[in-house]
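Q: Shown below is the structure under consideration.
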Amino acid sequence: MQQMEQSQSPKRKITIGTDTTDADTLQCSIEDSGPGVAQMHMNRLFESFFTTKDNGIGMGVPICRSITDAHDGCIAC
Ligand SMILES: Nc1ncnc2c1ncn2[C@@H]1O[C@H](COP(=O)(O)OP(=O)(O)O)[C@@H](O)[C@H]1O
Ligand SMILES: [Mg+2]
């Protein structure tokens with residue numbers, strides 16, 4: 001939501017989807033209509049304190065990974 005606001009995206013939409021790839025696996029996808037992650041930042045996305053925002057902290061994405069790890073899951077895998 002912050003990325004869409006910051007980039008002044010005319011259309012602001014978040015799409016959340018779920019799928020069961022097999023009986024033991026739940027797959028969740030979250031897509032936004034913002035600018036996306038720049039290719040040059042992809043390899044740093046999960047790094048603690050990495051941020052491109054003036055007032056960012058850089059903990060949101062790493063925390064998402066620690067939550068999925070704690071549930072034997074994975075993110076962006
Ligand atoms: N949905 C997104 N769209 C585009 N870039 C994103 C998105 N989510 C995260 N990012 C990029 O990853 C960086 C780190 O995100 P995050 O860990 O949530 O920290 P913060 O929000 O404090 O910057 C952001 O600064 C931004 O560059
Ligand atoms: Mg964030």
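The values are calculated or read from the model by the stated rules, or taken from the named source; none is laboratory data. Here the structure is a predicted model, which means the values were calculated and not measured. Neighbour counts are summed over all protein chains in view; Cβ atoms, including those assigned to glycine, are modelled from backbone coordinates with ideal geometry. Note: areas computed on protein heavy atoms with side chains; ligands, DNA, RNA excluded. Shrake-Rupley method; radii C 1.70, N 1.55, O 1.52, S 1.80 Å.
Q: Name the one entry in Gln6, Gln27 that is in contact (Cβ under 8 Å) with a residue 12 or more places away in the chain and over 13 Å from the mean Cα position of the chain (by Cα).
A: Numbers: Gln27 fails: in contact (Cβ under 8 Å) with a residue 12 or more places away in the chain.
Being in contact (Cβ under 8 Å) with a residue 12 or more places away in the chain and over 13 Å from the mean Cα position of the chain (by Cα) holds for just one of Gln6, Gln27, which is Gln6.
Q: Filter segment 1-19 down to the residues that are outside any loop (DSSP other than H, G, I, E, B) and modelled with pLDDT under 95, then identify the one that is nearest to ligand 2 (Cβ to nearest atom). Before the answer, list the steps.
A: If we filter segment 1-19 for residues that are outside any loop (DSSP other than H, G, I, E, B), which is where we start, we get 2-6, 14-19.
Narrowing the set further to residues that are modelled with pLDDT under 95 leaves 2-6.
On the way: Gln2: 6, Gln3: 8, Met4: 12, Glu5: 12, Gln6: 11 Å.
Taking the candidates together, the pick is Gln2.
Q: Filter segment 22-44 for residues that are part of a strand (DSSP E or B) and either open to solvent by 80 Å² or more (accessible area, probe 1.4 Å) or not hydroxyl-bearing (Ser, Thr, Tyr) (or both) and give the result. It would help to see each step written out before you state the result.
A: Our first condition is that a residue be part of a strand (DSSP E or B); within segment 22-44, this holds for 22, 25-32.
Within segment 22-44, Asp22, Leu26, Gln27, Cys28, Ile30, Glu31, Asp32 meet the criteria.
Q: Considering only residues that are away from ligand 2 (no atom under 11 Å from the Cβ) and within 13 Å of the chain's Cα centre (by Cα), which ones fall in segment 44-77?
A: Taking segment 44-77 and keeping what is away from ligand 2 (no atom under 11 Å from the Cβ), we get 44, 46-49, 54, 65-77.
Hits for segment 44-77 are Arg44, Phe46, Glu47, Arg65, Ser66, Ile67, Thr68, Cys74, Ile75, Ala76, Cys77.
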